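The values are calculated or read from the model by the stated rules, or taken from the named source; none is laboratory data. Predicted, not measured: the structure shown is a model, and the values here were computed from it. All Cβ positions, even for glycine, are placed from backbone atoms using ideal geometry, and neighbour counts span all protein chains on display.
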Amino acid sequence: MVCLGLAAAQAPAVPPPPPVAAATAAVAPGDLWLVIYSVLPNRTAEFEAIARQVRDALAKSPQDVRQAQARDLRVHRSALPNVEGKVMYFLQIPALTGDADRSGFDVLIDAVLPEQASALKKQLASALDPTNPSGNTYLINVR
């Protein structure tokens, strides 16, 4: 008993790690945003071109976090259109900035293509199905 009490009272051999900032504590490796887009069938090429432009801008960003997002960004397309003929796209992006990218391409365009943001966002809006707003959800990695 006495030995245990002395051992507990001694300073640890390895200093504890520095505290993690609150903003990054909520984001764990593997957490991501999934944004779902309903795209008009005659506007898929335009939507995909915007997606490539955003990915390229992320990759060329001077910010490490944006480059990491570019590496892990995925855009998936449904194999078949939905019952109304719309094409569903799924933007999968790592949640490296917490909830800052929760709105998908809109926020990313503002972040990495600010001088083109207005025109690109108008082009994006024209490619989307106006009767089915896009949605997003934050997925956490089940450990």
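Quick rundown of the values:
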| quantity | calculated |
| --- | --- |
| Output for the stretch 45-66, where each listed residue is surrounded by fewer than 17 Cβ atoms within 10 Å (Cβ to Cβ) and in contact (Cβ under 8 Å) with a residue 60 or more places away in the chain | Glu46 |
| One residue from Ala68, Ala51, Ala79, Ala59 being touching a helix residue (DSSP H, G or I) at 6+ places or on another chain (Cβ under 6 Å) and not in a strand (DSSP E or B) | Ala59 |
| The one condition in (1) at pLDDT 90 or above; (2) in a loop (DSSP other than H, G, I, E, B) that Pro17 fails to fulfil | (1) |
